[in-house]
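For reference, the structure discussed in these notes is given below.
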Amino acid sequence: DEAASVAFLFSVSEYLETKASARARKALASIVSIRPEHANVIHPKTGDIIVSPADKVPVGSLLSVRTGDKIAADGIVTEGESSVDESSLTGEAIPVAKKEGDTVVGGSINIGDTRLVVKTTCSVDDSAVSRLVRLVEEAQTNRS
């Protein structure tokens, strides 16, 4: 009778652990989806926009962030005024007004009516989103 109870409790604990792991994997996948795939880099000499993989954008680059675009990396607005949706990172549902001199976070979305020009202050690998992904991965590893 005790053996059956112990076996039952082990089964329940394994089920709960599997469910928690699946939920953590799903949360991590949603965080990873925040990271942009590409960036619209403004060529420093010609002003042309070059579509580049986000992870190849060097620090100090100027990015063109049109309405609906994800901001590729953390940076400072150097031109334009717009609203930015940071809800995927902060949970705050209200868009944040951004103007020249304001900081923006990679992974947030320009939802305003105008383009922003952003000077990157870190690489995509060092952005807030990437740090968040690393922390979640470390937490999952430590739980195992």
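Taken over the stretch 127-144, the criterion of being open to solvent by less than 80 Å² (accessible area, probe 1.4 Å) and assigned to a helix (DSSP H, G or I) is satisfied by 128, 129, 130, 132, 133, 136, 139, 140. Given the conditions (1) part of a helix (DSSP H, G or I); (2) crowded, with 20+ Cβ neighbours inside 10 Å, report the number of the one that residue 24 does not fulfil. The one condition residue 24 does not meet is (2).
Restricting attention to the stretch 11-21 and to residues that are out of contact with any helix residue (DSSP H, G or I) (no Cβ under 8 Å at 6 or more places or on another chain) and among the hydroxyl-bearing types (Ser, Thr, Tyr), the residue that is least open to solvent (accessible area, probe 1.4 Å) turns out to be 13. Go through the residues of the stretch 86-93 one by one and say whether even a single one is free of Cβ contacts under 8 Å to residues at least 24 places away in the same chain, closer than 19 Å to residue 136 by Cα, open to solvent by 70 Å² or more (accessible area, probe 1.4 Å) and not in a loop (DSSP other than H, G, I, E, B). Yes - at least one qualifying residue is present in the stretch 86-93.
Does residue 72 satisfy the condition of being part of a loop (DSSP other than H, G, I, E, B) and buried (at least 18 other Cβ atoms within 10 Å of the Cβ)? Against the criterion (part of a loop (DSSP other than H, G, I, E, B) and buried (at least 18 other Cβ atoms within 10 Å of the Cβ)), residue 72 qualifies. Each residue in the stretch 117-126 was checked for being surrounded by 19 or more Cβ atoms within 10 Å (Cβ to Cβ) and touching a strand residue (DSSP E or B) at 6+ places or on another chain (Cβ under 9 Å), and 3 of them qualify.
Within the stretch 17-43, the set of residues being at pLDDT 90 or above and either more than 26 Å from the chain's Cα centre (by Cα) or over 24 Å from residue 67 (Cα atoms) (or both) is empty. Screening the candidates 73, 22, 27, 54 for the property of being among the small types (Gly, Ala, Ser) and touching a Ser or Thr at 6+ places or on another chain (Cβ under 6 Å) yields one hit, 73.
Residues in the stretch 94-116 that are part of a strand (DSSP E or B) and either free of Cβ contacts under 8 Å to residues at least 40 places away in the same chain or loosely packed, with under 15 Cβ neighbours inside 10 Å (or both): 96, 97, 98, 103, 104.
Taking the criterion of being open to solvent by 60 Å² or more (accessible area, probe 1.4 Å), part of a helix (DSSP H, G or I) and not polar (S, T, N, Q), the residues of the stretch 30-69 that qualify are 55, 56. When 11, 83 are checked against the criterion of being touching a Gly at 6+ places or on another chain (Cβ under 7 Å), more than 20 Å from residue 125 (Cβ to Cβ) and either part of a loop (DSSP other than H, G, I, E, B) or polar (S, T, N, Q) (or both), 83 stands alone in meeting it.
The values are calculated or read from the model by the stated rules, or taken from the named source; none is laboratory data. Keep in mind it's a predicted model, so treat the numbers as computed, not measured. When we count neighbours, we look across all protein chains shown, and the Cβ atoms used for this are built from the backbone with ideal geometry, even at glycine. Quick note on the areas: whole protein, heavy atoms, side chains included, nothing else; ligands and nucleic acids left out. Shrake-Rupley method; radii C 1.70, N 1.55, O 1.52, S 1.80 Å.
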